[in-house]
1. Nearest 10 degrees, 0 to 90: what angle lies between the long axis of helix 45-55 and the longest principal axis of the chain (Cα atoms)?
2. Answer rounded, prolate or oblate for the stretch 220-281, using the Cα gyration tensor with square roots of eigenvalues a ≥ b ≥ c: rounded when a/c is under 1.5, else prolate when a/b is larger than b/c, else oblate.
3. So what is the accessible area of the stretch 147-202 per residue, in Å², with the probe set to 1.4 Å?
4. Using a Förster distance of 30 Å, how high is the FRET efficiency between E191 and T158, based on the Cβ-Cβ distance and rounded to 0.05?
5. To test your reading of the geometry: what angle, between 0 and 90 degrees and rounded to tens, separates the Cα axis of helix 248-269 from the longest principal axis of the chain?
6. Over the heavy atoms of S25, what accessible area does a 1.4 Å probe trace out, to the nearest 10 Å²?
Amino acid sequence: MTRFVLKRTGGALLVLLALSVIVYSLFYLAPGDPARLACGERCNPQQIAQVREQLGLNESSVAQYLHFLQGLVAGRDHSAGAGLVLHCDAPCLGLSYQTDQQVTELILTRLPATLSLALGALAIWLLVGVGTGLLSALRRGGITERLLTVLTLAGTGTPVFILGLLLLMAVCAYLQWLPFPTYVPLTEDPEQWAWNLLLPWLTLGLFESAKYARLTRSSTLETLAEDHIRTFRAYGVGERALVTRHAVRGAVAPVIALSAVDFGTMIGGAVLTESLFGIPGLGKTLIDAVRVVDLPVVVGVVLAIGTAVVVAGAVADLLYAAADRRVALA
């Protein structure tokens, strides 16, 4: 198991290094002039040349990337003109062209909102999806399974923003059970934080739960058809004990792995939900930065999202190996 952990950790680090090269090359070395973007449309050539010098864009591409990598590992100094030097602590992702705020600080201020959304949605899609999938597998061939299959297919085919709009119209406009959600930080008012995130949680949770219901159902049926389950059944082991002690563990292993990956993807993949409900998370920050062409913020958020996905993938492998030792021994 130790060898498996070291192997997956080393692989994740290599992927993160490759990700930094690709993201930096796409945004900073692509055709275009970052100095003109940072300075603005009204800058004259002399001012643009000064900004280019401050940003270190006169150096070679390799030197620019090494400075960028140095900032991620050890921090770096940024020239702000007029002899002013600003220090950016590691991991330094640069300064915003619009506000001169450190991109790392901006990400850290927006991350709690995204994590709040992702964690609540994770709990809902696991409870609803896994529960529905198990029930559908155990009631195979009956009316319950057919009804649940129709519901999961409908959930899979419904876009997340349509589901969010329907919930807003039904709960807030028609039934008026809740006011229109406005994000409140957990540290300010935990109760209002939960109430205002209820609809976003349901939107993402119900949307993802359809996928988990289908995965859990197929995994459970596959596990119940294995030889050792048939052997236990031949020895007189009850169906309930078979499911709870043996079948569930094998069926839940792929669900655990997929949940870790989806949670990492959710860190930056909930753009539509954050925009629909006005949640100031990373996805909305990325969209706003793209609109004003704020390259350091775009690069920083993309790297943060990519890192979350890579780390989540590594965690998924470890959880899968913990649930099924055959993976680690393979």
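1. Taking the Cα atoms of the chain, the angle to 45-55 is about 50 degrees.
2. Note, shape of the stretch 220-281 comes out prolate.
3. Details: 3630 Å² over 56 residues.
Ligands and nucleic acids excluded, the figure is 65 Å² per residue.
4. Numbers: r = 30 Å, r/R0 = 1.00.
Step by step, r from the Cβ atoms, then E = 0.50.
5. 20 degrees
6. Accessible area of S25: about 50 Å².
The values are calculated or read from the model by the stated rules, or taken from the named source; none is laboratory data. As the structure is a computational prediction, the values presented were derived from the model and not from experiment. Please note: Cβ atoms are built from the backbone with ideal geometry, for glycine as well, and neighbour counts cover all protein chains shown. The area values use the complete protein model at the heavy-atom level, side chains included, leaving out ligands, DNA and RNA. Shrake-Rupley method; radii C 1.70, N 1.55, O 1.52, S 1.80 Å.
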